[in-house]
Each structure stands twice: as structure tokens, then as C-alpha cells.
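Following: one structure in C-alpha cells, then a few remarks.
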Amino acid sequence: MSTKDNLKEAFAGESQANMKYLAFAKKAQAEGLSSIARLFTATAEAETIHANLHLNALGEIKTTAENLITAKAGETHEFESMYPPFVEEAKKDGDQKALRAFQYAVEAEKVHAKLYAQAAEEVDKKVEHDYYLCPVCGNIEIDQVSDKCFICGVPGNKFIKY
């Protein structure tokens, strides 16, 4: 393996560890274990630092305009190519939890790709927007939130503003 391959593997591992530790932190917090939740959260941030170092060493962090094109391509790949076979396999296996997770992701990734395309068109204009994240399915709405999420039906007042 090359150094580039090692950096890609390290980036993937650190990224996965970050997300896993954030999920563990939520669970610890829900169980009333706030000190352990903080440990998981701090470690997740450390993994983010490592992942960013690896991504930077790979030369993958470019201008915002280039990063938007890359992000849109990644989201498009996910909803066009990656998730559809996952959906079919989950249906075949009768795994309803996986099926729902994959279906939410497909629909949310379509929205993400559109938002990246819009941002790419506006990047030079420095247009400001607020974004609202559905905490259940990952849908993102721009500037105002609907009464309910069109993907999963969660009430709009549950969305998180960014």
C-alpha cells in the first residue's frame, strides 16, 4: 500500500470513529452518564482533528467552490448508485430498520445535492441562508422550515437551525 492509500484508510477509520463516539455520547447522556458522554464527545472531536489532518495531507481540501462540486458529486453518487442496492437488499432481507434508514438517506441525499448545487451558484455572491436540519432523517430545509418534514414527517419545530 502507498502512503496515499494509508491516508485514505486512516481518514475513513477516524471518520467512522468520530461518528461512533458521538452516537455513544448520546446514549451515555440519555443514561445520565454525563461525564462519560463528555469523554466520548471529546474523543470524537479528537478523531475529527485526525481525519482533517489526513484529508488535508491527501490534498482533498480545496476552494469552497471546488469543495461544493465534490460534495454534490458525493451526495449524487450516494442516492443514485450506493443506496439503491442497499434498499433492495434490505427489502429482500426484510430488515425494516435498515430499509427505513436507507430510504431516509436516499431522499435526504437528493436534497443535500440540490443545496450544494445552489450554494455553488451563489458562492461568488456570498448569499446568506439559514439551514434547518431534521434530527430524524437528515433532511435539510433552507431559510424556513415546513410544518413537518416531507421525508419522515417529524414536526418542523423539531428541526435544528444552522
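Table for the structure above
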item	result
Which listed residue, of Leu53, Leu58, is surrounded by 13 or more Cβ atoms within 10 Å (Cβ to Cβ) and either touching a residue at least 40 places away in the same chain (Cβ under 8 Å) or of a type in the set (S, T, N, Q) (or both)	Leu58
Residue match in the range 91-108 (condition: in contact with a strand residue (DSSP E or B) (Cβ under 9 Å, 6 or more places away or on another chain), of a type outside the set (Ser, Thr, Tyr) and either under 20 Å from Glu75 (Cβ atoms) or exposed (fewer than 13 other Cβ atoms within 10 Å of the Cβ) (or both))	yes
Search result, residues across the range 130-162 that are of a type outside the set (A, V, I, L, M, F, W, C), loosely packed, with under 12 Cβ neighbours inside 10 Å and outside any helix (DSSP H, G or I)	Asp130, Asp143, Gln144, Asp147, Gly153, Lys161, Tyr162
Yes/no for Glu78 being closer than 16 Å to Ala113 by Cβ and in a helix (DSSP H, G or I)	yes
Flag for His77 being buried (at least 17 other Cβ atoms within 10 Å of the Cβ) and of a type outside the set (D, E, K, R)	no
Positions within the range 1-41 being out of contact with any Ser or Thr (no Cβ under 7 Å at 6 or more places or on another chain), small (Gly, Ala, Ser) and not in a loop (DSSP other than H, G, I, E, B), in sequence order	Ala10, Ala12, Gly13, Ser15, Ala17, Ala23, Ala28, Ala30, Ser34, Ser35, Ala37
Filter pass, Thr63 being under 24 Å from Tyr116 (Cβ atoms), of a type outside the set (Gly, Ala, Ser), modelled with pLDDT of 95 or more and surrounded by fewer than 12 Cβ atoms within 10 Å (Cβ to Cβ)	yes
Residue in the range 42-50 that is surrounded by 12 or more Cβ atoms within 10 Å (Cβ to Cβ) and touching a Ser or Thr at 6+ places or on another chain (Cβ under 6 Å) present	no
Condition broken by Thr3, with the remaining ones in (1) over 26 Å from Ala120 (Cα atoms); (2) surrounded by 15 or more Cβ atoms within 10 Å (Cβ to Cβ) satisfied	(2)
Sole residue being at pLDDT below 95 and either exposed (fewer than 13 other Cβ atoms within 10 Å of the Cβ) or not in a loop (DSSP other than H, G, I, E, B) (or both), chosen from Val87, Val127	Val127
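The values are calculated or read from the model by the stated rules, or taken from the named source; none is laboratory data. The shown structure was predicted, so the numbers you read here are calculated from the model rather than taken from an experiment. Glycine gets a Cβ as well: all are built from the backbone with ideal geometry, and neighbour counts include every protein chain shown.
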